[in-house]
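Below you'll find the structure, written out as structure tokens, and then a few comments.
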Ligand SMILES: [Fe+2]
Ligand SMILES: [Fe+2]
């Protein structure tokens, strides 16, 4: 059984539900009723393209164990956070990441049923992350988490800004990534703030980003190659070169993010320097507002009164 089943997403409730008479939670976990069945999700769900679909599936394969790692890394230091606002943010962060883990696990299970064998990738990333946890100290885990949260913030900000990209996704997968992208930007400061609060310094933060970047792309591209091979698409060179240059070419989708990525190495960097407040307002309204795309799919948290 996956370690993520140990996550308790009900951390969401104290922040999101008990504060009805206070200001709304800044980082409210939202439970969404996704439907990832084969009838609802086409096999090549990004642009009907095997390369782009397997790239996104490789990303999803690392989320359940990866986000569990984030939760554990931050939770380790939870008792050392005394500022009430940051404490509330930590609860929101744990609640959001726990629900992301579960949603991507559900997606990964559905993709495995479709023959993509995401379960094996999920198992392998679990082995890697447990080794990292065993062999390195908790402050390094927190630095890794802060680095990867920078990645997710930069990547998801791009998704929220680029209609031409998010529209490539089939509707239910678009819903998954829009929901995830909003929440990643809502909580992008938290791991960083905890890291600084408990004494994490610049050299470790900047120095950790280098191996994190190398290992992250090595893992994702290796996982993608395994998915393409299993799908009989690995030697479809024309398609794969086209997809690779769409992501990593000189004006590629991810190459364009290098300036924001490099901001991490500024000694005075803080994730809030990438201002996404207006972007978040727009998408929160579009997704969770009165007529939001996901409003009818939001599940009520369990309550003792129900
Ligand atoms: Fe997440
Ligand atoms: Fe996150």
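If I take every Cα pair under 8 Å that is 6 or more residues apart in the stretch 116-268, average their sequence separation and divide by the length, what percent do I get for the relative contact order?
Details: 84 pairs, mean separation 46.4, N = 153.
It rounds to 30 percent for the stretch 116-268.
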Checklist entry - Tell me, 120, 105, 297 in order of fewest to most beta-carbon neighbours within 10 Å? => result 120, 297, 105
Checklist entry - Anyone know which of 248, 107, 93 comes out most mobile in the 10 Å Cα GNM of the chain? => result 248
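Can you give the FRET efficiency to the nearest 0.05 for residue 167 and residue 260, using r as the Cβ-Cβ distance and R₀ = 25 Å?
Working: r = 22 Å, r/R0 = 0.88.
It comes to 0.70.
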Next on the checklist: If neighbour count is taken as other Cβ atoms inside 10 Å, put 132, 194, 41 in order from fewest to most.
Outcome noted: 132, 41, 194
Checklist entry - For residue 279 and residue 235, what does the FRET efficiency come to when R0 = 45 Å and r is the distance between their Cβ atoms, rounded to the nearest 0.05? => result 0.65
Item to check | Between the stretch 57-93 and the stretch 201-236, the Cα center-to-center distance that results, in Å | outcome: 22
Item to check | Cα→Cβ-extended label distance, 7 Å offset, between residue 43 and residue 210, nm | outcome: 4.4
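Compute the relative contact order of the chain as a whole-number percentage, counting only Cα pairs closer than 8 Å that sit 6 or more residues apart in sequence. Mind showing how you got there, number by number?
On the way: 343 pairs, mean separation 78.0, N = 306.
After rounding, I find 26 percent.
Helix-derived [θ] at 222 nm for the chain: sum -39500 (n - 2.57) over DSSP H runs of at least 4, divide by residue count, nearest 500? Each step should come with its number before you reach the end.
On the way: 12 runs with 189 residues, N = 306.
Rounded to the nearest 500, it is -20500 deg cm²/dmol.
Based on other C-beta atoms within 10 Å, arrange 36, 70 from fewest to most.
Values: 36 20, 70 27.
Going from least to most buried by this count: 36, 70.
Every number in this text was worked out from the coordinates using simple rules, so none of it is lab data. Worth saying up front: this structure is predicted, and the values here are computed from it rather than measured. Reconstructed Cβ throughout: ideal geometry from the backbone, glycine too, with neighbour counts over all protein chains shown.
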